[in-house]
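Chemist: I'd like to ask you about the structure that follows.
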Amino acid sequence: MTESRLAWQIATELRRERTSQLLTQTALAALAGISQGTVARIERGERVPSIPLVEQVFAALGCQLRVSVEQLDTHLDAQLDELAARPLADRLDDLPLGRVQERLGDMPHLLTGCTAALLQGVPVPVDAIEIAVRWRDSARFTTWLEVAYGQRWNARWGDFGGLRLEPEEPGEHRWRTRYGEIRAQMCDELPDAIEVRHGERGYRVVPLAQVELTDPGTAALLARWRTRAGAASAATSP
């Protein structure tokens, strides 16, 4: 997903309303006169869609959006609460983790950041699959990005594209691929890992304690979630 709060809100509300009406993405696309791929991209929150497109899709559901103003970062609390209320299996279904793992094959890598935290049971938002990759595997990773139709994040444009894929090239290690956004932490050696299992699939992840020490963004979300969870527990205690 994109870092845009608005894109996340639109994605969440559209997915909630569509599923409540028992419609598939294909069925909604037919009602709205757009492609199923467009519906899927909006629900993944890949980018903020145009206002006319948003109105068109919600009108097909017999709904309309309402705009309001709130204090900065209030959305994070709502996002954490919404995620905490959903089963972990459902949260994992939102991510193409299985496909990414299969396509990466035997290339050494670990899941890290918010992705690792989610797999270890923490209800934090994941807007990209985050992996750790060794610098000496950079060529293999670049080949994978080419096959996955990768586009490098271009800070000058504020969008993906126009830059070389190789991690050695200047720029953030962010790519948009056919599987969604991928973010990489390039390192000399992979950190220690643990394996977590969900269903029939195992994932090698950076332990939560290590993620908190090395990833300030994820650590801030974890602290915010723990504060809210502690407040909720205190409020329900006799």
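The values are calculated or read from the model by the stated rules, or taken from the named source; none is laboratory data. Not measured: the values here are computed from a predicted model. Neighbour counts run over all protein chains shown; Cβ positions are idealised from the backbone, glycine included.
Chemist: For the range 89-100, indicate whether the set of residues that are modelled with pLDDT of 90 or more and either surrounded by fewer than 20 Cβ atoms within 10 Å (Cβ to Cβ) or farther than 22 Å from ARG16 by Cα (or both) is non-empty.
Modeler: Checked the range 89-100: at least one residue is modelled with pLDDT of 90 or more and either surrounded by fewer than 20 Cβ atoms within 10 Å (Cβ to Cβ) or farther than 22 Å from ARG16 by Cα (or both).
Chemist: To continue, here is another question. Only one of THR38, THR26 is closer than 28 Å to TRP175 by Cβ, surrounded by 15 or more Cβ atoms within 10 Å (Cβ to Cβ), outside the structural domain of PHE160 (by TED's automatic domain parsing) and of a type in the set (Ser, Thr, Tyr); which?
Modeler: THR38
Chemist: Next question. Which members of the range 127-147 meet the condition of being part of a strand (DSSP E or B) and in contact (Cβ under 8 Å) with a residue 60 or more places away in the chain?
Modeler: Listed by number, the list holds a single entry, ALA132.
Chemist: Still on this structure, please answer the following. Within the range 105-141, count every residue that is within 11 Å of ALA184 (Cβ to Cβ) and either aromatic (Phe, Trp, Tyr) or surrounded by fewer than 18 Cβ atoms within 10 Å (Cβ to Cβ) (or both).
Modeler: Of the residues in that region, 5 qualify.
Chemist: Mind telling me which of the residues VAL54, VAL67 ends up being under 25 Å from the mean Cα position of the chain (by Cα) and crowded, with 16+ Cβ neighbours inside 10 Å?
Modeler: VAL54 is the lone residue from the list that is under 25 Å from the mean Cα position of the chain (by Cα) and crowded, with 16+ Cβ neighbours inside 10 Å.
Chemist: So, one more: Going by the structure shown, is LEU208 more than 27 Å from LEU6 (Cβ to Cβ), in contact (Cβ under 8 Å) with a residue 60 or more places away in the chain and in the same structural domain as GLU102 (by TED's automatic domain parsing)?
Modeler: Against the criterion (more than 27 Å from LEU6 (Cβ to Cβ), in contact (Cβ under 8 Å) with a residue 60 or more places away in the chain and in the same structural domain as GLU102 (by TED's automatic domain parsing)), LEU208 qualifies.
Chemist: While we're looking at this one, here's another question. Quick check on the range 49-67. Is at least one of its residues out of contact with any strand residue (DSSP E or B) (no Cβ under 8 Å at 6 or more places or on another chain) and within 30 Å of ALA219 (Cα to Cα)?
Modeler: Looking through the range 49-67, at least one residue is out of contact with any strand residue (DSSP E or B) (no Cβ under 8 Å at 6 or more places or on another chain) and within 30 Å of ALA219 (Cα to Cα).
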